[in-house]
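Undergrad: Starting off with a structure, shown below.
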Amino acid sequence: MAMFNDLFEQHYNSVAEEVSRSSIRKNYNDSMSESLSNMQIGPQREYILQKAIRPYFGKQGVNKSPIGEPPEFIDLQSSDAVQYHCVCTLFIDIKGSTRLSLIYDLDFVYKFKNAVIQTCVEVIRSFDGNVHRLMGDAVMAFFGNNSTDKESSIADAINCTLILRAILEQSIRPWMKQKGLLPNDFGFRVGCDFGDDDDVLWGNFGYEGVGEISATGLSVDMASKLQGLASKNQTMLGQGLLEFINWPEKYSKIKSKTKGNVEENIPFVVPNLTDRDDNSINYAMRLLHYEDAMSFCALPREFRQQINSHVISNRIISYECYTVENGNLNRYISASKFIEPGIDLVFKVTASTNERLKFPLKAIFTKTNHGKATPIKERDIEQGGIVKEMNKVTVSKYNRSILPVSEVSLNESTLYRGLHTMKCEVKDSNDSVIFRDWIAILIK
């Protein structure tokens, strides 16, 4: 996954090249329109990130959606009509960029900030999000449309936040350090929340020609507040999202704040809002646990093991999951989308026999079910590991050649709503762990 290392530099260099071509002048009269017309914002730059990210999550092509109103609600333009419709809202604030103007020339600050904003935009579009608004150093986006189910729009938003942080830490900050900037003062804060159909209202705000189609609702407003309450380089998830998909506590954590020598937990949005009867609503919030969630992210293991040391990659061992539909096996990409309950699954491990692995191997499958739909006696608890032995096998009794791969599989099925994981460890004949990975299944 070395491609993350230079993705931001590609964006920055493209911005710098376009600025040079546009012949910036101090005089903003007739020369401005000429400069703008010379700027070429082409797909050669605009879709670099999408082309690198989308295939890992099973997404085809590129997302070319423009900024502004989601197309589903364009009929509300220049109208007094309103429409209820669910949405997952993402609010990203870039921290530490304001001070750049006090330290560096404005032309450099523009190039850098624009490259960062473009990175946010393209990561959002990589997960089929709609960039709704750019507000200085902040980006507001919506996830969910008529072709995506509610749960999967949330999965897209969460995966988006994971990749944003990965690019920040693996691409932007190393680039800043290389250029002699101050990477520790720079970062993202993200707020994310979901509102169901009855909780979000879309309409045209403002006047014709001086307005926009946007959404209103507690979850939409909370996304901004959650961003403000997130720690640097963290994502804060709101109650609407947490409860709707039964997000596990294992992959999130309560924010804490130290006062003196006492650590205080902050489980609710502060200040605590009140309802019409002046009762505190105690709106729950939790920080997304980046390192733990990276254990099952769809990015390559070679990359994820740099972030979560429990993941152990081995180039000659593969681990995949398949859904069984009408007798056909279709690959399910970890945590990429929600699927229906009652679907048969096959977890498959394959190891090359042509390498120096110490056979026989043991593949150990360990299931963990999460969420309130899971019976309490097994909720959030690793189930006893199922062991499958992997041996070198000959082609047939007449052909003593060894098959090129050894393969074992485990059959399962979807049942409880929420996120569930299947861990696979492979041990060699010396009982040494030579592979470890997780696949997360999202169930409606």
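The values are calculated or read from the model by the stated rules, or taken from the named source; none is laboratory data. Bear in mind the structure is a predicted one, so any value in this text is a computation, not a measurement. All Cβ positions, glycine included, derive from the backbone under ideal geometry; neighbour counts span all protein chains shown. Surface accessibility is based on the protein's heavy atoms, side chains included, excluding ligands, DNA and RNA. Shrake-Rupley method; radii C 1.70, N 1.55, O 1.52, S 1.80 Å.
Undergrad: Could you look through segment 417-430, keep only residues that are closer than 16 Å to GLU389 by Cβ and either buried (at least 19 other Cβ atoms within 10 Å of the Cβ) or not hydroxyl-bearing (Ser, Thr, Tyr) (or both), and pick out the one that is farthest from the chain's Cα centre (by Cα)?
TA: Within segment 417-430, the first condition is being closer than 16 Å to GLU389 by Cβ, and the residues that meet it are 424-430.
From the residues that got through so far, the ones that are either buried (at least 19 other Cβ atoms within 10 Å of the Cβ) or not hydroxyl-bearing (Ser, Thr, Tyr) (or both) too are 424-428, 430.
On the way: CYS424: 23, GLU425: 25, VAL426: 27, LYS427: 31, ASP428: 34, ASN430: 37 Å.
Only one residue fits best here, namely ASN430.
A quick yes/no check of all residues on (1) among the small types (Gly, Ala, Ser); (2) farther than 28 Å from VAL15 by Cα; (3) surrounded by fewer than 18 Cβ atoms within 10 Å (Cβ to Cβ); (4) in contact (Cβ under 8 Å) with a residue 12 or more places away in the chain:
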site	(1), (2), (3), (4)
TYR84	no, yes, yes, yes
LEU90	no, no, no, yes
ASP128	no, no, no, yes
ILE154	no, yes, no, yes
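Undergrad: Then there is this: Is there a residue being outside any helix (DSSP H, G or I), open to solvent by 50 Å² or more (accessible area, probe 1.4 Å), under 30 Å from ARG54 (Cβ atoms) and touching a helix residue (DSSP H, G or I) at 6+ places or on another chain (Cβ under 8 Å) anywhere in segment 284-299?
TA: In the first step, residues of segment 284-299 are kept if they are outside any helix (DSSP H, G or I); the result is 284-289, 294-299.
Pick out the ones that are also open to solvent by 50 Å² or more (accessible area, probe 1.4 Å) and you get none.
Checked against the condition, which is being outside any helix (DSSP H, G or I), open to solvent by 50 Å² or more (accessible area, probe 1.4 Å), under 30 Å from ARG54 (Cβ atoms) and touching a helix residue (DSSP H, G or I) at 6+ places or on another chain (Cβ under 8 Å), segment 284-299 yields no hits at all.
Undergrad: Go through VAL387, VAL395, VAL433 for me and flag whichever is surrounded by fewer than 14 Cβ atoms within 10 Å (Cβ to Cβ), of a type in the set (A, V, I, L, M) and without any contact (Cβ under 8 Å) to a residue 12 or more places away in the chain.
TA: Details: VAL387 fails: without any contact (Cβ under 8 Å) to a residue 12 or more places away in the chain; VAL433 fails: without any contact (Cβ under 8 Å) to a residue 12 or more places away in the chain.
When all the criteria are applied, what remains is VAL395.
Undergrad: Still on this structure, please answer the following. Residues being more than 24 Å from the chain's Cα centre (by Cα), in a loop (DSSP other than H, G, I, E, B) and touching a residue at least 40 places away in the same chain (Cβ under 8 Å): count how many of those fall in segment 332-365. Spell out how you get there, then give the answer.
TA: Let us first name the residues in segment 332-365 that are more than 24 Å from the chain's Cα centre (by Cα), namely 342-344, 346, 348-365.
Those left that are additionally in a loop (DSSP other than H, G, I, E, B): 342-343, 353-360.
Checking the rest, the ones that are also touching a residue at least 40 places away in the same chain (Cβ under 8 Å) come to 342-343, 353-354, 357-360.
The total comes to 8.
Undergrad: May I pose another question? Being in a helix (DSSP H, G or I), touching a strand residue (DSSP E or B) at 6+ places or on another chain (Cβ under 9 Å) and of a type in the set (Val, Ile, Thr) narrows it down to one of VAL131, VAL116, VAL109, VAL139, so name that one. Don't jump to the end; show me each part of the working.
TA: On the way: VAL131 fails: in a helix (DSSP H, G or I); VAL109 fails: touching a strand residue (DSSP E or B) at 6+ places or on another chain (Cβ under 9 Å); VAL139 fails: in a helix (DSSP H, G or I).
Sole residue among the options that is in a helix (DSSP H, G or I), touching a strand residue (DSSP E or B) at 6+ places or on another chain (Cβ under 9 Å) and of a type in the set (Val, Ile, Thr): VAL116.
Undergrad: Another one. What tally of residues in segment 188-223 results from selecting those that are out of contact with any Gly (no Cβ under 7 Å at 6 or more places or on another chain), free of Cβ contacts under 8 Å to residues at least 60 places away in the same chain and over 14 Å from GLY238 (Cα atoms)?
TA: 6
Undergrad: Now for a separate question. Identify all residues within segment 178-236 that are open to solvent by 30 Å² or more (accessible area, probe 1.4 Å), among the charged types (D, E, K, R) and within 21 Å of LEU288 (Cβ to Cβ); write none if there are none.
TA: The answer is ARG189, ASP196, ASP221, LYS225, LYS232.
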